[in-house]
Amino acid sequence: MKRRDFLVTIWQGIGVLATGGMGFIGLRYLASQNRESATGGIVTAGLVENFAPGTVTPIPEGKCYLVRNTTGGFLALHRQCTHLSCIVIWEERQFRCPCHGSAFTTDGKVISPPAPHPLTALEVQIENGQVRIDTGKQIKRTKTTAEDFIYPPEQSV
Ligand code: FES
């Protein structure tokens, strides 16, 4: 290899690395625009009877979704993806992350990576018929179970 060809190859390599680095930084910046930080404090979601079994309701002030399963149990899920913290969207009976394609079931279980863990649960309290979400009490899970759901006192399973 001639010296000139060698130098051209080196400069091309540096150019590829620089372009890749700038692309990575750009993607990280764009992803960060769709993130949000944790909240804190108790949010009153509403009366138990306002949430029909088998529904998912966004709770914007809590930055979460309130899931009521078909047997009447409640589960609050933080809306941050567990991959790089983008905001997941509820559509077609799944939580989907627009950033890198992760998908989660209704109870937050990963059904499509790269998300490494289920969606983070938030503590649900049910008192005097009101559903409250303690957004400061985040429950990071490695798996999902039926015990993740909280039932109204008169309906404990
Ligand atoms: S942030 Fe990467 S899949 Fe959600």
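Each value in this text was obtained by applying a stated rule to the coordinates, not by laboratory testing. This structure is a prediction, so every number in the text was calculated from the model and none was measured. Cβ: placed from backbone, ideal geometry, glycine included. Neighbour counts: every protein chain shown.
Annotations
- Flag for GLY101 being surrounded by fewer than 16 Cβ atoms within 10 Å (Cβ to Cβ) and touching a residue at least 60 places away in the same chain (Cβ under 8 Å): no
- The set of residues in region 60-102 being more than 16 Å from ASP134 (Cβ to Cβ) and among the hydroxyl-bearing types (Ser, Thr, Tyr) consists of THR70, THR71, THR82, SER85, SER102.
- ALA121 being within 21 Å of ILE42 (Cα to Cα) and surrounded by 18 or more Cβ atoms within 10 Å (Cβ to Cβ): yes
- Extreme residue, nearest to ALA115 (Cα to Cα), among residues of region 40-95 that are in contact with a Phe, Trp or Tyr (Cβ under 8 Å, 6 or more places away or on another chain) and of a type in the set (D, E, K, R): ARG79
- Here is the figure for region 75-101: residues that are within 11 Å of the ligand (Cβ to nearest atom) and closer than 16 Å to THR142 by Cα total 4.
- Of the listed requirements (1) within 13 Å of the chain's Cα centre (by Cα); (2) more than 16 Å from the ligand (Cβ to nearest atom); (3) surrounded by 14 or more Cβ atoms within 10 Å (Cβ to Cβ), PRO58 misses just one: (3).
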